[in-house]
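Okay, structure first, notes after.
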Amino acid sequence: MSEPAIALVEFASIAAGIAAGDAMVKAAPLESIYAGTIHPGKYLVLVSGDTASVEEALSTGLGVGAGAVVDSVFLPDVHPAVVAAVVVGDEAARLDAEALGVVETAAVASVLDAADAGVKAADVTVSAIRLADGLGGKGYALFSGPVAEVEAAVDAAAVRAAPADRLVHHIVIAQLHPEMAANLGSDLRFMERARLRPVEREG
């Protein structure tokens, strides 16, 4: 997936989220829209496409959803690794790398923003991004690679999330134990409901 921009809006109301998602996809010629319920009883809308269209769709969604918006993010030059980890589920699980970095946020949009900042700041792999389901509405991102690079990525991600008061915790773990790596790699089930097929656009 190579679209240059994505936007995500998290709604406290399912009904408001559905209405806003419909308005968003009607507002601009988007490449794709992913939408659905997440724990605990909230609704996510993720859109992708060219920068102007995504920005217009986001503005529309925020207006229609108004008081039900929990959090949102607009990434006009999103790193491909972030999109791959969220939408495609393309996790290059280098959990046996020299170090593993974990960034945990209180809301979904913030972890996308943090992950984008982290992977752009250092030479790391985005091993996973998990959103909301099974997490009480929180999100987390895993970075892997050399210790110094992972530290730089985690620091950049934390700085991006902190101003919105969404940062829960961040940590770098050197030489993750193989049994822990196996656990992380075998049952990271938290994105199952968020990975939805995009709505096909006509024309």
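Every read-out reported here was derived from the displayed coordinates using simple, explicitly stated rules and does not represent laboratory data. Owing to the predicted nature of the structure, the values given are computational and were not obtained by experimental measurement. We place every Cβ from the backbone using ideal geometry, glycine too, and count neighbours over all the protein chains shown.
Computed about its Cα centre, the charge dipole of region 87-186 is approximately 240 debye, with only Lys, Arg, Asp and Glu carrying charge at their Cβ.
Relative to the present Cα-Cα distance, how much length would full extension add between ALA23 and ASP50 at 0.36 nm per residue of separation? It would help to have the intermediate numbers written out before the result.
Working: separation 27, 0.36 × 27 = 9.72 nm, distance 1.73 nm.
Residue separation times 0.36 nm, minus the Cα-Cα distance, leaves 8.0 nm.
The modelled label-to-label distance for the pair ALA12/ALA182, using points 7 Å beyond Cα in the direction of Cβ, is 4.4 nm.
Counting only lysines at least 8 places from LYS138 when in the same chain, those with an alpha carbon closer than 20 Å to its own are LYS42.
Residue exposure proxy: HIS79, HIS169, ordered by other Cβ atoms within 10 angstrom of their Cβ from fewest to most, comes out as HIS169, HIS79. Counting only other residues whose beta carbon sits under 13 Å from that of ALA162, what net charge do I get with K and R as +1, D and E as -1? With Lys, Arg at +1 and Asp, Glu at -1, the neighbours total -2. Each Lys or Arg adds one and each Asp or Glu subtracts one; over the other residues with Cβ under 12 Å from the Cβ of GLY65, this totals -2. Region 25-79 and region 114-176 have Cα centres lying 22 Å from one another.
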